[in-house]
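Novice: Please find one structure pasted underneath; my questions will follow.
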Amino acid sequence: MSGPFVFPVRDIAHRAGEMREFDVEVPAPAKWGEGLVYVAQGEPVQLRVRLESVHEGILVTTEVDTTYRGVCGRCLEDIDRPVEVEFQELFGYPGTEATDFEVQDDHVDLETPVRDSIVLSLPFQPVCQPDCLGLDPVTGEKLAAGTVPETPIDERWAALKALTPDQDDVAARRLASDTEKS
């Protein structure tokens, strides 16, 4: 077995209490993610890996840092943000209890758990900033802070826009709102 996400465990396998640590940077082997944001193929992925031998197998603790790219879900601006995830996974020895991952040929392959943890941490509805207002539905331009999109008026009701409330009606509404409800 070989590859950038494959780590040897021959020297610690079946030796409970032994530990090895690795710091590596590898390129993402493929595009990870299918929504509005993704980790591009070739994007550097920084891994801090700790391999601990336990009775059941190899306990892998990993911190992953990389960058995702994509577009804002509201205004379609390009975004480029860091993503950091941590996970812990047990790679069981072959022939023992059923586990999701197994030690194979004295190696552990972390590509699948690294990919899964990154993809699951990507935002479903990414935004360029928390208060992004999105696009104006009429003009398609990005809304700036403080602007409110004007809702289009149905042509059949356009004549009512010229009417203004009578001052007596406004005063009556104010008085009615100041009364106690029974």
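Novice: Calculate the spin-label point distance for S121 paired with R15, positioning each point 7 Å from the Cα along the beta-carbon direction, and give it in nanometres.
Specialist: Once both label points are built, they end up 3.0 nm from each other.
Novice: Net charge near V71, counting Lys/Arg +1 and Asp/Glu -1 over other residues with Cβ under 14 Å of its Cβ?
Specialist: My count for the surroundings of V71 gives 0.
Novice: Tell me which residues come under 5 Å, amide H to amide H, from H107 once H is placed; ignore anything under 5 positions away on its chain.
Specialist: V9
Novice: In addition: With r as the distance between the Cβ atoms of V138 and L76 and R0 = 22 Å, compute the FRET efficiency 1/(1 + (r/R0)^6) and round to 0.05.
Specialist: Efficiency computed from Cβ-Cβ geometry: 0.85.
Novice: Right, another one. Over what distance in Å are the Cα centres of segment 33-74 and segment 97-123 separated?
Specialist: If you average the Cα positions of each part, the centres end up 10 Å apart.
Novice: While we're on this one: Sorting check: for 14-24, 39-49, which peptide has the highest mean count of neighbouring beta carbons within 10 Å, and how do the rest follow?
Specialist: 39-49, 14-24
Novice: Quote the FRET efficiency, to the nearest 0.05, computed for V26 versus Q129 with a Förster distance R0 of 30 Å and r equal to the Cβ-Cβ distance.
Specialist: Computed FRET efficiency for V26 and Q129: 0.45.
Novice: Please sort by residue number the chymotrypsin sites (Phe, Trp or Tyr not before Pro) in segment 54-145 whose DSSP state is loop and whose Cβ has at most 10 other Cβ atoms within 10 Å.
Specialist: F124
Novice: Further question: Under 5 Å between amide H atoms, partner at least 5 residues away or on a different chain: which partners does F101 have, H built in plane at 1.01 Å?
Specialist: Result for F101 returns G92.
We did not get these values from a lab; they are worked out from the coordinates using the rules stated. What you see is a predicted model; the values in this text were computed from it and never measured. Positions of Cβ are generated from backbone atoms using ideal geometry, with glycine treated the same way; all protein chains shown enter the neighbour counts.
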